1. Give the share of C-alpha pairs in each 5 angstrom bin for the stretch 82-182, from 0 to the last occupied bin, in whole percents, shortest bins first.
2. Which links in 8/41; 117/349; 101/129 stretch past 19 Å when you go from one Cα to the other?
3. Regarding the stretch 150-254, what whole-number volume in Å³ per residue does the convex hull of its Cα atoms give?
4. Could you tell me which GluC sites (Glu not before Pro) in the stretch 198-242 are loop residues by DSSP with no more than 13 other beta carbons within 10 angstrom of their beta carbon?
5. Provide the convex hull volume over Cα atoms per residue for the stretch 191-252, in Å³.
6. With a 1.4 Å probe and all protein chains left in place, how much of the accessible area of the stretch 301-358 comes from carbon and sulfur atoms, in whole percent?
7. In nm, to one decimal, how far is the residue 377 label point from the residue 113 one, both placed 7 Å along Cα→Cβ?
8. Per the Kirkwood formula on distinct C-alpha pairs, the Rh of the stretch 1-77 is how many angstrom?
Amino acid sequence: MAKIKLTKTAVDAATPKDRDYELRDTLVPGFMVKVTPAGRKIFMLQHQTNSGVRRKPAIGRFGELTVEQARKIAQDWLAEVRQGNDPGAEKSAARAAPTMKQLCDKFIEDYSKLHNKPSTVEGNELNIKNHIVPRLGRMKVYEVTRADISDLMTAMSDRPVIANRTLACLSKMFNLSEVWGYRRDGSNPCRHVQKYAEKGSTRFITDDEMRKLYAYLNKADAEGLEHPFLTLAIRLQFEFAARMSEVLSLEWNWIDVDQRRVTWPDSKTGNITKPLSDEAYHLLSEAPRFEDSPFVCPSIFDPSKSMSENTYHHGWGRVLKRAGVPHVGTHGIRHRAATDIANSGVPLKVGMALTAHKTVAMFMRYIHNEDAPVRSAADVVAARRRLVVTPNAPAIIAPEHEALEAAPVRETGLSGPPAVLEDGSDTKAGNYRPFRHRKGDNRAVPPGTRREAISAGAAE
């Protein structure tokens with residue numbers, strides 16, 4: 001193994017042999033050039049880490065780097081080794097680091113399929129296939145920056161809901177990449193990337209619509225206008241403030257009649273338990289039942305299966321139309337039930353238990369402000385303020401559902417001749433002037449001003 005001062009001339013003169021050989025530099029310990037039988041000349045640095053591991057990482061090829069550039073890199077690497085770092089291992093780790101495509105595959109197999117519902121797994125797979133892999137799939141996991149995520153969101157600005165779901169999927173993947181050692185802690189590039197506003201909202205079922213809806217449900221049950229399993233499912237969703245999936249999947253053996261409780265072993269939010277109200281107990285006691293079906297609301301054509309979402313959706317739409325109620329999705333039932341719970345005055349923790357919400361923020365998203373309670377609250381606040389300002393003033397009771405008479409509109413003289421006020425004065429000009437510029441009896445003299453002193457002098 002020859003030792004020479006590596007120069008451009010010396011490296012150029014090195015000819016390939018039948019096997020690899022090395023030329024070592026006399027200036028920087030461990031710095032060398034390896035010549036392969038194919039004629040490639042590769043700069044390398046042989047060193048020993050502080051832990052005693054011998055390494056010989058490649059610096060770069062001759063031609064891509066000059067001898068002096070390679071020697072400078074070798075000196076820098078040796079300085080890092082003396083500080084306890086291992087540049088060779090870092091370079092190898094960077095080369096072996098997984099790509100975003102590999103992270104996506106690991107996320108689906110090692111996390112999503114083990115911890116998410118099948119529908120969530122399907123949604124994650126679609127977002128990965130359609131949006132994440134096409135744009136980020138070839139990048140190394142550690143290379144992805146916040147700018148890359150922001151660019152991805154910008155490209156999906158015309159699909160805000162899908163963009164938000166994709167961002168949530170990416171954020172979870174990058175959190176797990178820190179656990180799996182692919183990125184350093186706290187480096188999630190999805191942080192501070194703004195989600196899009198989702199304009200969709202669930203319409204609130206009003207009291208009048210509730211009366212129409214239940215009137216038709218009662219008529220349908222009495223006259224056989226709808227299948228009893230459909231009307232039962234609708235009534236139970238109102239009673240349990242439940243998700244559609246919870247009602248359709250409900251099984252008889254989940255109902256504890258003695259304790260008057262229902263337990264869902266695997267709902268959207270995991271295991272949940274709800275009490276049986278008197279109305280729910282009555283509905284289940286009177287419900288038709290197939291002896292060989294485990295479901296409370298079985299499929300109409302195959303009792304061994306639960307009622308399908310498609311059947312329930314179409315049945316609910318048909319019931320609304322026949323009841324004369326504007327269309328609202330089946331999730332509107334849960335919104336109405338949650339609002340009834342909140343307005344009943346029960347403690348917040350109890351309301352969350354009845355709806356099976358995990359956070360207060362999510363529970364409050366289901367609460368709709370009704371006009372009557374808000375109007376009554378405004379009247380209470382106004383009456384309290386009136387007592388503070390004027391303690392002996394008589395209470396004012398506003399008649400309900402009575403339109404307020406509009407005050408007469410007074411001309412302001414925005415154009416045309418000067419506007420004449422009730423006292424005969426005008427606004428000084430054809431164009432409008434602010435009230436402070438007006439003169440006349442209708443313009444009081446502000447206390448403590450120069451006008452007050454002048455007026456007082458004139459009166460004397």
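1. Final binned percentages: 2, 12, 22, 23, 17, 11, 6, 4, 2, 1, 0.
2. As for pairs spanning more than 19 Å Cα to Cα, those are 117/349.
3. So the per-residue Cα hull volume is 188 Å³.
4. Values: sites: 198, 209, 223, 226, 239; in loops: 198, 226.
Loop-located and lightly packed - 198.
5. Cα-based convex hull of the stretch 191-252, divided per residue, equals 151 Å³.
6. 59
7. 4.9
8. One decimal place: 12.5 Å for the Kirkwood radius.
The values are calculated or read from the model by the stated rules, or taken from the named source; none is laboratory data. Predicted, not measured: the structure shown is a model, and the values here were computed from it. Every residue, glycine among them, receives a Cβ derived from its backbone with ideal geometry; neighbour counts consider all protein chains shown. Only protein heavy atoms, including side chains, enter the accessible area calculation; ligands, DNA and RNA are left aside. Shrake-Rupley method; radii C 1.70, N 1.55, O 1.52, S 1.80 Å.
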